[in-house]
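The values are calculated or read from the model by the stated rules, or taken from the named source; none is laboratory data. Owing to the predicted nature of the structure, the values given are computational and were not obtained by experimental measurement. Please note: Cβ atoms are built from the backbone with ideal geometry, for glycine as well, and neighbour counts cover all protein chains shown.
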Amino acid sequence: MSQFFQIHPDNPQARLIKQAADILRDGGLAVIPTDCAYALACRLGDKKATERVQRLRQLDNRHNFTLLCRDLSELSTFAKVANTEYRLLKAHTPGAFTFILEATRDVPRLLMHPKKRTIGIRVPNNPIAMALLEEMGEPLMTSSLIMPGDDMPLSDPYDIRATLEHQLDLVIDGGFCGFEATTVIDMTGEVPEVARQGVGDASAFL
């Protein structure tokens, strides 16, 4: 049975953020709000929690997970970024973008695309997600909350709890945060490429 925290979308309660972080540190699987939609989240490199996400969404090992980061200072640990790329990233974070970058050796293998050795990274513009990342002191591993057979992610915290309460450890109700995906920008080639058009305005990358 999952816990259900109602956290203020603009002024997250520190007590609840700390409790949520403790659940994640203990190997928990949570649903958290972001600036685009609710997402599945677990601790970076937690193999058991990652396998739970794969079972829940019926994913194979080619699925790209996304690292949710506090800011770009965490980038260099997990991704290789040239100066020109960094300036583009800085201009579009925080926000509704996921950037596909070449992964460093510090990225756990289960996070990387097995053939391309790439990693998805984003910096959310959501007070609850940012407070949780700050409390964790490290990025979170995330995946969109799109269930098998669905085209859109689950968006109502009460529906999420009713549907998945026996498969999750925590659902954070942070109010409505949309149901569209991020815009995905592939930065691994010579020029940035829009791999998926979502909420973010990708005109700067065209």
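Computed quantities for the displayed model
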item	result
Hey, Leu170 closer than 22 Å to Ile32 by Cα, touching a Gly at 6+ places or on another chain (Cβ under 9 Å) and either surrounded by 17 or more Cβ atoms within 10 Å (Cβ to Cβ) or at pLDDT 85 or above (or both) or not	yes
Residue match in the range 92-109 (condition: of a type in the set (A, V, I, L, M), at pLDDT 90 or above, assigned to a loop (DSSP other than H, G, I, E, B) and out of contact with any helix residue (DSSP H, G or I) (no Cβ under 6 Å at 6 or more places or on another chain))	yes
Residue list for the range 12-68, filter: acidic (Asp, Glu) and assigned to a loop (DSSP other than H, G, I, E, B)	Asp26, Asp35, Asp46, Asp60
Identity of the residue in the range 113-132, assigned to a helix (DSSP H, G or I) and of a type in the set (A, V, I, L, M), that ends up nearest to Asp26 (Cα to Cα)	Leu132
Qualifying residue in the range 147-159 (condition: polar (S, T, N, Q), surrounded by fewer than 20 Cβ atoms within 10 Å (Cβ to Cβ) and touching a residue at least 24 places away in the same chain (Cβ under 8 Å))	yes
The range 131-146, subset surrounded by 13 or more Cβ atoms within 10 Å (Cβ to Cβ) and small (Gly, Ala, Ser), residue modelled with the highest pLDDT	Ala131
Where a residue in the range 171-188 is closer than 29 Å to Ser2 by Cβ and its partner, wherever it lies, is basic (Lys, Arg) and surrounded by 17 or more Cβ atoms within 10 Å (Cβ to Cβ), with Cβ under 9 Å and at least six apart	Val171/Arg161; Asp173/Arg161; Thr182/Arg122
Only one of Met130, Met141, Met187, Met136 that is farther than 19 Å from Gln58 by Cα, in contact with a Leu (Cβ under 6 Å, 6 or more places away or on another chain) and of a type outside the set (Phe, Trp, Tyr)	Met187
Meets criteria (of a type in the set (Val, Ile, Thr), more than 14 Å from the chain's Cα centre (by Cα), modelled with pLDDT of 95 or more and buried (at least 17 other Cβ atoms within 10 Å of the Cβ)) for Ile32	no
Filtered residues of the range 46-93 (kept if of a type in the set (Lys, Arg) and free of Cβ contacts under 8 Å to residues at least 12 places away in the same chain)	Arg55, Arg87
Residue ranges of strands (runs of 3 or more DSSP E) in the range 133-206 with at least 2 members under 27 Å from Ala21 (Cα atoms) and of a type in the set (Ser, Thr, Tyr)	140-144
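A quick yes/no check of all residues on (1) surrounded by 16 or more Cβ atoms within 10 Å (Cβ to Cβ); (2) more than 25 Å from Leu154 (Cα to Cα); (3) modelled with pLDDT under 95; (4) of a type in the set (Lys, Arg):
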{"site": "Ile23", "(1), (2), (3), (4)": "yes, no, no, no"}
{"site": "Ala37", "(1), (2), (3), (4)": "yes, no, yes, no"}
{"site": "Leu44", "(1), (2), (3), (4)": "yes, no, yes, no"}
{"site": "Glu85", "(1), (2), (3), (4)": "yes, yes, yes, no"}
{"site": "Leu89", "(1), (2), (3), (4)": "yes, yes, yes, no"}
